[in-house]
Amino acid sequence: GGAMHIPPTTDERMKKKGGERKKHVIRRMFFAALLLFFIGLALFGVTVLVLVRNLPSVGQITSRRVEESTKIFDRTGAELLYEISGGAKRTVIPFEDIPQYVKDATIAIEDENFYEGPGFDWRAIVRAFWENLIHGRIVMGGSTITQQLAKKAFLTDRQTIGRKLKELILAVQLSRHYSKGQILTFYLNEIPYGPTLYGLEAASEAYFNKHAKDLTLPEAALLAAIPQAPSYYFPYGNHVKELIGRKQYVLKRMRALGKIDDQELAAALEAELSFAPQTRGIRAPHFVIAVQ
């Protein structure tokens, strides 16, 4: 009364062998993919180590010598006679001399999560990477204020993957070593506001003939609108209309983030701005040339 053993048919044997072969192929593909992943991870790690080794120390940002203009005043110390700039006008100012309007306007348009973020925005980086991959070249940034500082202080504007990686690494290091206030101060003293104007104070003096600490809300919003494209938004150039439009957008972003109220917004949107004369000749030339 034992059970009868029925040998498998040819079709069944072929199906069994086919299933085993399929499992074997899948297993090999899995291990190959795993191997490629670890090789890629190792290569990425080596690349990062090489980049880190060749990067400057973030401590150099406080010790490095930032080029500033030399200003020649009259005997009262109030009248500026001439500014020796060597092609780059800049006057470094401390955090307390930067009005809150400028800080808020800059953060609103450049990096609204500046105070909460770690110094980089993964979503923006991934979005920029995808856009650049689609176009086959770098067409989108995705940089936070900290990343922009890393680029302007230590790197170049070359749009390469290597430079973006360096920028990201430096941004992480800057965030670990400096407070948000320090980073914002470095940034506002570093970035260009025109073809030869670097830093907030130089821009304020050139465009509005006043110190940065005396800037009004609409003036602060206009200056915050420039750094994205300093040559394009140059106040004495051909795109003043676009500059004013971006200034209005900055103000609306400030309102959306709760940095100003409706009354301040309405007044700033209606305010008409006048720029100081673009060029200033040498006043008291004999004296100035003697000093030089």
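Surface composition of the range 174-292: carbon and sulfur atoms hold 51% of the protein heavy-atom accessible area at a 1.4 Å probe. Given R₀ = 51 Å, FRET efficiency for ALA32-TYR232 by Cβ-Cβ distance, to 0.05? Efficiency for this residue pair is about 0.55.
Packing, taken as the mean count of other beta carbons within 10 Å per residue, orders the peptides 100-113, 175-188 from highest to lowest as 100-113, 175-188. Put simply, the C-alpha atoms of the range 172-284 give a gyration tensor, and the ellipsoid matching it has half-axes of 23, 21, 13 Å, longest first. Here the range 205-234 is scanned for amide nitrogen atoms under 14 Å from the site 7 Å beyond the Cα of GLN278 along Cα-to-Cβ, giving 207, 231-234. Between LYS23 and ALA267, full extension at 0.36 nm per residue minus the direct alpha carbon distance yields a gain of 80.7 nm.
Using 0.36 nm per residue and subtracting the Cα-Cα separation, the extra length available between GLU79 and LYS210 on full extension is 46.0 nm.
The values are calculated or read from the model by the stated rules, or taken from the named source; none is laboratory data. It should be emphasised that the depicted structure is a prediction, and the values quoted were computed from it without experimental measurement. FYI the Cβ positions are ideal-geometry reconstructions off the backbone, even for glycines, and counts take in every protein chain you see. When the accessible area is computed, the model is the full protein with side chains, heavy atoms only, and any ligands, DNA or RNA have been set aside. Shrake-Rupley method; radii C 1.70, N 1.55, O 1.52, S 1.80 Å.
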